[in-house]
1. Kindly indicate which of Lys12, Lys22, Lys26, Lys7 is basic (Lys, Arg), under 28 Å from Lys102 (Cα atoms) and surrounded by 13 or more Cβ atoms within 10 Å (Cβ to Cβ).
2. Can you pull out every residue in segment 30-57 that is loosely packed, with under 12 Cβ neighbours inside 10 Å, without any contact (Cβ under 8 Å) to a residue 24 or more places away in the chain, more than 18 Å from Ala20 (Cβ to Cβ) and within 26 Å of the chain's Cα centre (by Cα)?
Amino acid sequence: MGEQAPKLKIRKGDRVVVLAGKDIGKEGEITRVLPERGMVIVDGVNMAKRHQRATKATSQGGIIDKDMPIPVSNVAIVCSGCGKSRVGYRIEGGDKVRVCKKCGKDL
């Protein structure tokens, strides 16, 4: 029996702030979501140096900076009205809408 991946409440393109780890307090946009691992990749956060071999796809080799995954529990969504918050849901005419838990504004 395979374990089911958790349902994440944040999506690609959301603006988030880091709550824990070496990049605490940094803000960025989610570039990729990895629901099977419960992680997200945030632009400019949790950077690591990686040695890249020159290939046909990447003609330039050398040391590159790569965004590494960060656990989804270590980030909080940034609401345009009230700052960092959590995500809730509201049903509007049969549609599920994501809302800010602090101010109730649509995300």
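None of the figures in this text is laboratory data; all of them are computed from the coordinates on show. Source: prediction; values computed, not measured. Backbone-built Cβ (ideal geometry, glycine too); neighbour counts: all protein chains shown.
1. Lys26
2. Those that are loosely packed, with under 12 Cβ neighbours inside 10 Å, without any contact (Cβ under 8 Å) to a residue 24 or more places away in the chain, more than 18 Å from Ala20 (Cβ to Cβ) and within 26 Å of the chain's Cα centre (by Cα): Lys49, Arg50, His51.
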